[in-house]
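What follows is one structure encoded as structure tokens, with my remarks underneath.
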């Protein structure tokens with residue numbers, strides 16, 4: 001996980017998750033299952049802390065498209081977890 005200075009005025013953390021390159025099933029359904037399984041195994045992220053979810057695809061060297069989700073959420077571990085003042 002990487003820390004952000006701020007996003008939309010909030011201190012946050014983010015991480016990206018995709019299927020391993022060697023996974024036989026590179027379908028969107030398999031990716032959704034992998035994301036759900038990974039999130040269930042970690043500390044849950046509250047919907048109230050969710051800031052953004054993005055999706056992108058990239059063509060691998062083997063000509064297979066692979067998807068990645070990036071999840072951005074409020075940094076509740078930070079002392080400044082509340083909204084930062086607007087500039």
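What follows draws every value from the coordinates through simple rules; no lab data is involved. Just so you know, these numbers come straight off a predicted model, no measurement behind them. All Cβ positions, even for glycine, are placed from backbone atoms using ideal geometry, and neighbour counts span all protein chains on display.
Between residue 30 and residue 56, the modelled label-to-label distance comes to 2.2 nm, taking each label 7 Å out from Cα in the direction of the beta carbon.
Taking only the alpha carbons of the stretch 2-74, we obtain Rg and Dmax values of 13.7, 40 Å in that order.
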